[in-house]
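First the structure, in the form of structure tokens, and then the observations on it.
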Amino acid sequence: LELETDLRRALHREEFLLYYQPIISLTTGRINGFEALIRWYHPQKGLVSPGEFIPAAEETGLIIPIGLWVLKEACQQLKTWQDQGLFKDKIKMSVNLSVKQFSQVNLIQNIDKILLRTQLNSSYLKLEITESAIMDHPESATELLQQLRDRDIQLSIDDFGTGYSSLSYLHRFPLHNLKIDRSFIKRITETRQNLEIIHAIITLAHHLNMTITAEGVETEEQLSLLKNLGCEEGQGYYFSPPVDANAAQALLQDNP
Ligand code: G
Ligand code: G
Ligand code: MN
Ligand code: NA
């Protein structure tokens, strides 16, 4: 309850900020995009990580206004970088949507409003949706995903493998990209079987015309195995941790 009061105040006083973690093309080594990750700059506690407040925000419903703030801020930031000529056409901004946000009735209208207000072209926005958000209501999820796709918004399934972990339903959803959860990447070098599981996920996703992003890439060895499996993109400490907007902009300026 104290946390709820704190969160309301945080929204009101704009105590949230975004960090950005680059998503790297494994074929060119260039930045393909950024994932926006929320942080809370608490007046007493300092920087608070989302793991400590997103669950409470989700329970209290505060995730709706917080999530809209994230979306607006992330779109605005990308638009600003575009206007500065920092990367022409290529770079996308990924934003996480929680289960509650995804099932909120006004989601599409709110997204349309934000895109209009920030003047960001919809094809640069990528939404990360978890398996559970989709599988809770597969019928309405399919329809919603299609509406987003019709707008040219990119769609990723996030933390793949941690939820229902079922490969059999993937073909039913109009998704562009699959993010393999970092727990798989962590184990990729442990056994032949772990490598084969990732191989199977990548092969299936490719057959379904989805690209793959490996999360939590931390070592050269993991990177090399993933490249050999035909994985398109990587994200993780090997490349860069999540960084603030200034540091992200510096990464873009150095983008080979
Ligand atoms: O940045 P960090 O690794 O601490 O993020 C922890 C978790 O919080 C991750 O699961 C991430 O998906 C989630 N998260 C980070 N930012 C947001 C956000 O803006 N909205 C939602 N719904 N989840 C977020
Ligand atoms: O759940 P989601 O994947 O959206 O959350 C991303 C989270 O993963 C962020 O909190 C980020 O700090 C964390 N993260 C990003 N890269 C790495 C990595 O290479 N290793 C580990 N352990 N965590 C990472
Ligand atoms: Mn994510
Ligand atoms: Na993830």
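Throughout, read-outs are computed from the coordinates displayed, never taken from laboratory work. All values reported here derive from a predicted model rather than from experimental measurement. Glycine gets a Cβ as well: all are built from the backbone with ideal geometry, and neighbour counts include every protein chain shown.
Say each of Asn121 and Ser49 gets a label point 7 Å from the Cα, pointing the same way as Cα to Cβ; how far apart are those two points in nm?
Each label point lies 7 Å from its Cα, and together they span 3.6 nm.
Taking neighbour counts of Cβ atoms within 10 Å as a proxy for exposure, in what order, fewest first, do Val95, Val70, Val48, Val105 appear?
So the ranking, lowest neighbour count to highest, is Val105, Val48, Val70, Val95.
Using 16 Å as the cut-off for backbone N distance, which residues of segment 1-30 belong to the label zone defined by a point 7 Å from the Cα of Ala250 along Cα→Cβ?
Zone members listed by number: 19-22.
Just grab the label-to-label distance for His137 and Glu2, each label 7 Å out from Cα along the Cβ direction, in nm (one decimal).
Computed distance between label sites His137 and Glu2 equals 3.5 nm.
Within the chain, what percent of beta bridges assigned by DSSP are antiparallel, to the nearest 5?
Of those bridges, close to 40 percent are antiparallel.
As a test of the formula, what do you get for the chain when each DSSP H run with n ≥ 4 contributes -39,500 (n - 2.57) and the sum is divided by the residue count, at 222 nm and rounded to the nearest 500 deg cm²/dmol?
Calculated mean residue ellipticity at 222 nm is -13000 deg cm²/dmol.
Using label points projected 7 Å from each Cα along Cα→Cβ, tell me how many nm separate Ser103 and Thr219, to one decimal.
For Ser103 paired with Thr219, the spin-label model returns 4.0 nm.
Quick check: Cα centre of segment 158-195 to Cα centre of segment 87-155, how many Å?
The two parts, judged by their Cα centres, are 21 Å apart.
Running a GNM on the chain with Cα contacts under 10 Å, which residue among Glu14, Glu232, Glu58 ends up with the highest mean-square fluctuation?
The residue that fluctuates most here is Glu14.
Hey, in the GNM for the chain with a 10 angstrom Cα cutoff, which one of Pro43, Pro241, Pro65 fluctuates hardest?
Highest fluctuation of the listed residues: Pro43.
Can you find, among Ala214, Ile197, Leu226, the residue sitting farthest towards the positive end of the charge dipole of segment 178-256, where Lys and Arg contribute +1 and Asp and Glu -1 at Cβ?
Ile197
Need the full-extension length gain, Tyr169 to Thr28, defined as separation in residues times 0.36 nm minus the C-alpha distance. One decimal, nm.
Result: 47.6 nm gained on full extension.
Sort Glu52, Glu131 so that the residue with the fewest other Cβ atoms within 10 Å of its own Cβ comes first and the one with the most comes last.
Least crowded to most crowded, the residues run Glu52, Glu131.
With contacts defined as alpha carbon pairs under 8 Å and 6 or more residues apart, what's the relative contact order of the chain in percent?
Once normalised by length, the contact order is 20 percent.
Using square roots of five times the C-alpha gyration tensor eigenvalues, list the equivalent-ellipsoid semi-axes of the chain in whole Å, biggest first.
Value: 27, 22, 19 Å, ordered largest first.
Filter the chymotrypsin sites (Phe, Trp or Tyr not before Pro) in segment 1-79 down to the DSSP loop ones having no more than 12 other Cβ atoms within 10 Å, then list what survives.
Hits after loop and neighbour filter: nothing returned.
If we count every other residue with Cβ under 13 angstrom of Arg182's Cβ, Lys/Arg +1 and Asp/Glu -1, where does the sum land?
-3
Which trypsin sites (Lys or Arg not before Pro) from segment 151-186 combine a DSSP loop assignment with at most 15 other Cβ atoms within 10 Å?
Qualifying residues, ordered by number: Arg151.
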